[in-house]
Every structure is written in C-alpha cells, then in structure tokens.
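This report refers to the structure that appears directly beneath it.
The values are calculated or read from the model by the stated rules, or taken from the named source; none is laboratory data. This structure is a prediction, so every number in the text was calculated from the model and none was measured. Cβ atoms come from the backbone with ideal geometry, glycine included; neighbour counts cover every protein chain shown.
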Amino acid sequence: MKRLTLISATALAAALALTGCATDTGTNPATTPGVVPGSMSASPSAETAAPADHNSADAMFARMMIPHHEQAVEMSELMLAKDGIDPAITDLAEGIKAAQGPEIKTMTGWLSAWGEPAAMSGGHGMQGMMSQDDMAALQAAQGTEAARLFLTQMIAHHKGAIKMAQDEIANGSNPDAVAQAEKMARDQSAEIDKMKELLAGL
C-alpha cells in the first residue's frame, strides 16, 4: 500500500512538471505578440522610438544653427577681451556666450543621436552671419566704436537666427528641436530690443 502511494505521488509530480512546461511554452517570447525575443518587457514600438524622431528640417536647423551660434560666441568673446566697454554691453556679451555655448552642445548631440552629418563648417552665406572682414573690423575696434559695431552686427546676427528658428517651428517635427527654436526666437527677440536701447544710448 505504501509502495502504491509513493508511485502515485511520483506520477503526480511528473504530470505537474509537464503542465508547467506547457505553460512556459505558451509565453515563449518568440511566439507571444508584442514581446521581443530576449526581452520579456520590451516591445517593438519601444525599440524604434526617440533619436530617429526627426525630419530634414530638424537636421538642417541644428546643422546651420551650430556655426551660427559659434560665431555669436566668438563675437562675444572679442568684446569681453576689450577694455573700456560699457558694463551693460559686456553683461550682454556674457549672457549670449552663456546661453549659446550649451545650445551648441545640445544640437551637436542631436545630430549624433539622429545619425546625421555634423554641422557645416563656417556657415558663411547663412542669414546674419558676419564675413571675415566684419569679424576683423570688430576685433580691431575699441571703445565706443567697438560697442556700436558689436551691437549693430549682433542685431543682424540675431535676426538671421530668428529666421532659422521660425523655419524650424514651421517645418520641424522633433519636439525638442521645435521647443528649442521657440526659446531661441523668444530670447533673441528680447536681446534685440535690449541691443537697440543700448545702441541708441551710445
């Protein structure tokens, strides 16, 4: 009797084990909808999200705006290296440098994440960009002449950036890029108003 009970228990355990295997097979990642083999928690939609979410307008915006920002930073650094400049103008130059330096890094990161070519070298020919002669004139100028030249050049430079930002707002698809363009347009419009005030006071 004891031997029969032991055999029955063993058979029951084997049956339960087989049932468990059948259940596991039913949740095989290779056969379960929405489950990627090798990752029980991942789904195809999660695998295809984010960095690729952009269009040609987003890529062009970043590729053109990087050298545009780089020149604005260079112009600001030229002013900050000069003596006898109105503190309000040096504060403006510091603000432009502090804002646009990190934005350059952000947009460079976008291009890398999107698998897009790096920013164009120089960026000459874009709206608001200064020529080499313009930059040389700013570097050579001193005092009030330098302040007037800087403000005049930077107003034109900002207007070009705002135009590129507006193009991105109208045509871009990446939410981060569009939001950055909206911020640039807003911030640089306010800086243009400030520069016009400073220019009128020279």
Selection from region 77-89 of residues that are outside any loop (DSSP other than H, G, I, E, B), farther than 12 Å from Leu151 by Cβ and in contact with a Ser or Thr (Cβ under 9 Å, 6 or more places away or on another chain): Leu80
Among the candidates Ser173, Ser121, residue that is in a loop (DSSP other than H, G, I, E, B), modelled with pLDDT of 95 or more and of a type in the set (S, T, N, Q): Ser173
Members of region 144-154 that are surrounded by fewer than 20 Cβ atoms within 10 Å (Cβ to Cβ) and either without any contact (Cβ under 8 Å) to a residue 12 or more places away in the chain or in contact with a Lys or Arg (Cβ under 8 Å, 6 or more places away or on another chain) (or both): Glu145
Region 69-82 residues that are touching a residue at least 12 places away in the same chain (Cβ under 8 Å) and under 13 Å from Gly128 (Cβ atoms), paired with ones that are in a helix (DSSP H, G or I) and among the acidic types (Asp, Glu) (beta carbon under 8 Å, 6 or more apart): His69/Glu103
Filter pass, Ala88 being modelled with pLDDT of 95 or more, of a type in the set (Gly, Ala, Ser), under 17 Å from Ile192 (Cβ atoms) and under 23 Å from the mean Cα position of the chain (by Cα): no
Selected residue (criterion: farthest from Ile192 (Cα to Cα)) from residues of region 166-175 that are buried (at least 16 other Cβ atoms within 10 Å of the Cβ) and under 13 Å from the mean Cα position of the chain (by Cα): Asn174
Unique match (being modelled with pLDDT of 95 or more, out of contact with any Ser or Thr (no Cβ under 9 Å at 6 or more places or on another chain), surrounded by 17 or more Cβ atoms within 10 Å (Cβ to Cβ) and over 14 Å from Ala62 (Cα atoms)) among Ala190, Ala141: Ala141
Residue in region 9-22 that is modelled with pLDDT of 50 or more, among the aliphatic types (A, V, I, L, M), in a helix (DSSP H, G or I) and over 30 Å from Leu202 (Cα atoms) present: no
Region 177-202 residues that are free of Cβ contacts under 8 Å to residues at least 24 places away in the same chain, paired with ones that are surrounded by fewer than 19 Cβ atoms within 10 Å (Cβ to Cβ) and not in a helix (DSSP H, G or I) (beta carbon under 9 Å, 6 or more apart): Gly201/Asp86
